[in-house]
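Notes to accompany the following structure.
The values are calculated or read from the model by the stated rules, or taken from the named source; none is laboratory data. Worth saying up front: this structure is predicted, and the values here are computed from it rather than measured. Cβ placement follows ideal geometry from the backbone for every residue including glycine, while neighbour counts extend to all protein chains displayed.
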Amino acid sequence: MKALTKTLAAAAAALLAGAAQADITIGVSLPLTGPASGLGIPMANYIKLWPTSIAGEKLNVIVLDDATDPTKGVTNAKKFISEDKADIIMGSAATPVAIAMAGPIAESETVQFMFSPAVLPAGKDTWAFRLPQGTAVMAHAMIEHMKKLGVKTVGFLGYTDAYGESWLNDFKAQSAALNGPQVIAAERFARADTSVTAQALKLVSANPDAILVVASGSGAAMPHKAIVERGYKGKIYQTHAAASRDLVRVGGKDVEGAYVVSGPAVIPEQLPASHPSKAMAADFVAKYEKAYGPGSRNQFGGHAYDTIVVLEKAVPMALKKAKPGTKEFRAALRDAVETMGRTVVSHGVLNYTKDNHWGFTTETGVILKVVNGDWKVE
């Protein structure tokens, strides 16, 4: 009897150990400090609202700060891989950091959900899926709006890094394809810069019909204010990395009238009933603002919301093939995301495929205008 008891106890312990090993471990690297913290903090805020399990499997979520530093992001990624044995790695919200992380993550054959529109070389994104809209998709919406307003020439003021360059390249390519405005002057600055006076003066002297500012979070307000303070009277556009209250809070009256391209998640009340994302966006806003207060909604928290929508669809598919904690599960999860089909999220409609790890279509972008310190859909 004692031997049988010991055998049963051992079997129970093995079952419990198996259950623990079946937890889905998710490593998340976010810029909680540094220049891109305005993106990372809202994402971390929504991650706190995530469910504790998916398809009966407990979520073990580990969030680390990458400080908007590519080197730190790589260190985080390697920790997730070697120490935490992560099934999924997410991040970063800062494009240069997300790109740096992609190498070791791909080598480990782990799915990476990028929280930035990071561009990787052809054939290098086998394991990487983007949750934010790509720059080409958002540039499409912006250019169509510019055409409606008669904008013929554009000045560019953006980051020197991968996010800035991808916007400049995609804007030019989309504009050429859509017979849109021409970029007649381009100036750049570093994320950590505290002044762009010289660049602003050059752009104002060029006198384009509109200026496109490519920056993120609260950092997008500084170049915007510099342009206005130099006497520019034309139209100013901002990218989806600036679609947060930080732009309005820091920019104040200087950002009144600014145009910001965004996903639909931040303005569900202004979407028509026929919009596919209206219900999802309303659900995101309700949950986020219940936790963090009225008016706290933002583009970036919406991406963290959408991540769970994707996982709740893909994880059950992957579990049919393998258990978490295995190489087979990571491969099954990648295959599931590629084949899960049309998926409505708060930011539009995703349809990942083996050859398209961006997902969003050109219809996803909406143009917001800052009116009396609030967003108004154009």
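Assorted remarks:
- Boolean, residue 169 is surrounded by fewer than 17 Cβ atoms within 10 Å (Cβ to Cβ) and at positive phi: no
- Those residues of the range 85-133 which are in a loop (DSSP other than H, G, I, E, B) and under 21 Å from residue 46 (Cβ atoms), in sequence order: 86, 87, 92, 93, 94, 115, 116, 117, 118, 131, 132, 133
- The test for being more than 17 Å from the chain's Cα centre (by Cα) and either at pLDDT 95 or above or closer than 30 Å to residue 237 by Cβ (or both) holds for residue 319.
- Count of the range 213-255 residues which are more than 20 Å from residue 192 (Cα to Cα) and assigned to a strand (DSSP E or B): 3
- In the range 68-105, residue farthest from the chain's Cα centre (by Cα) [restricted to those that are at positive phi and buried (at least 21 other Cβ atoms within 10 Å of the Cβ)]: 68
The rows are residues; the columns are (1) more than 26 Å from residue 298 (Cα to Cα); (2) hydrophobic (A, V, I, L, M, F, W, C); (3) at pLDDT 95 or above.
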site	(1), (2), (3)
83	yes, no, yes
99	no, yes, yes
117	no, no, no
123	yes, no, no
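- Test: residue in the range 268-280 that is assigned by TED's automatic domain parsing to the domain that holds residue 36, part of a loop (DSSP other than H, G, I, E, B) and free of Cβ contacts under 8 Å to residues at least 12 places away in the same chain: no
- Residue within the range 250-258 that is more than 20 Å from residue 36 (Cα to Cα), surrounded by 22 or more Cβ atoms within 10 Å (Cβ to Cβ) and modelled with pLDDT of 95 or more present: yes
- Any strands (runs of 3 or more DSSP E) falling wholly within the range 326-378 and containing at least 1 residues that are surrounded by 15 or more Cβ atoms within 10 Å (Cβ to Cβ) and more than 16 Å from the chain's Cα centre (by Cα): 343-345, 366-371, 374-377
- Subset of the range 24-64 [in a loop (DSSP other than H, G, I, E, B) and surrounded by fewer than 16 Cβ atoms within 10 Å (Cβ to Cβ)]: 33, 48, 51, 52, 55, 56
- Residues that are in a helix (DSSP H, G or I) and within 29 Å of the chain's Cα centre (by Cα), drawn from the range 198-212: 199, 200, 203
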